[in-house]
1. Kindly check whether there is at least one residue in segment 27-36 that is of a type in the set (Asp, Glu) and either free of Cβ contacts under 8 Å to residues at least 24 places away in the same chain or more than 14 Å from Val65 (Cβ to Cβ) (or both).
2. Within the bounds of segment 12-20, is there any residue that is open to solvent by less than 70 Å² (accessible area, probe 1.4 Å), farther than 14 Å from Leu70 by Cβ and in contact (Cβ under 8 Å) with a residue 60 or more places away in the chain?
3. Can you list residue pairs whose Cβ atoms sit under 7 Å apart, with the first residue in segment 62-79 being free of Cβ contacts under 8 Å to residues at least 60 places away in the same chain and under 18 Å from Cys28 (Cβ atoms) and the second being part of a loop (DSSP other than H, G, I, E, B) and open to solvent by 30 Å² or more (accessible area, probe 1.4 Å)? Count only pairs 6 or more apart in sequence or on different chains.
4. Of everything in segment 3-28 that's of a type in the set (D, E, K, R) and not in a helix (DSSP H, G or I), which residue is modelled with the lowest pLDDT?
Amino acid sequence: MTGKSVKDVDRYQAVLANLLLEEDNKFCADCQSKGPRWASWNIGVFICIRCAGIHRNLGVHISRVKSVNLDQWTQEQIQ
């Protein structure tokens, strides 16, 4: 299975951590609250936990939500 080795998972977590350090990513893309810890990976935005619930209710055909640090990411999702 591609992209699931421990080394890859650690590298993807580091990429996400670096992305969250960028000024535009320090706030939820929807409500502007500080410190988003979730992401809609098909849209390419970081969101807060409240907005993550809203995105999940939209359905996966619109928004695919994952936790930045609780879920494992694949190379496709990072890109």
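1. Just the residues of segment 27-36 that are of a type in the set (Asp, Glu), to begin with: 30.
So of that shortlist, the ones also either free of Cβ contacts under 8 Å to residues at least 24 places away in the same chain or more than 14 Å from Val65 (Cβ to Cβ) (or both) come out as none.
No, segment 27-36 contains no residue that is of a type in the set (Asp, Glu) and either free of Cβ contacts under 8 Å to residues at least 24 places away in the same chain or more than 14 Å from Val65 (Cβ to Cβ) (or both).
2. For segment 12-20, residues open to solvent by less than 70 Å² (accessible area, probe 1.4 Å), farther than 14 Å from Leu70 by Cβ and in contact (Cβ under 8 Å) with a residue 60 or more places away in the chain: present.
3. Taking only residues 6 or more apart or on different chains, the pairs are Ser63/Asn42; Ser63/Ile43; Arg64/Trp41; Arg64/Asn42; Lys66/Trp41; Ser67/Arg37; Val68/Arg37; Asn69/Arg37.
4. Taking segment 3-28 as the starting set, the residues that turn out to be of a type in the set (D, E, K, R) are 4, 7-8, 10-11, 22-24, 26.
Okay, now just the ones that are also not in a helix (DSSP H, G or I), so 4, 22, 26.
Values: Lys4: 69, Glu22: 96, Lys26: 97.
The selected residue is Lys4.
Residues are listed down the side, and each one gets a yes or a no for (1) part of a helix (DSSP H, G or I); (2) touching a strand residue (DSSP E or B) at 6+ places or on another chain (Cβ under 6 Å); (3) surrounded by fewer than 15 Cβ atoms within 10 Å (Cβ to Cβ); (4) at pLDDT 95 or above:
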site	(1), (2), (3), (4)
Asp30	no, yes, no, yes
Phe46	no, yes, no, yes
Ala52	yes, yes, no, yes
Asn57	yes, no, yes, yes
Ser63	no, yes, no, yes
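The values are calculated or read from the model by the stated rules, or taken from the named source; none is laboratory data. Keep in mind the model is a prediction, meaning the values are calculated, not measured. Methodologically, a virtual Cβ is constructed for each residue, glycine included, from the backbone with ideal geometry; neighbour enumeration extends over all protein chains shown. Ligands, DNA and RNA are stripped out before the accessible areas are found, and what is left, the full protein with its side chains, is counted by its heavy atoms. Shrake-Rupley method; radii C 1.70, N 1.55, O 1.52, S 1.80 Å.
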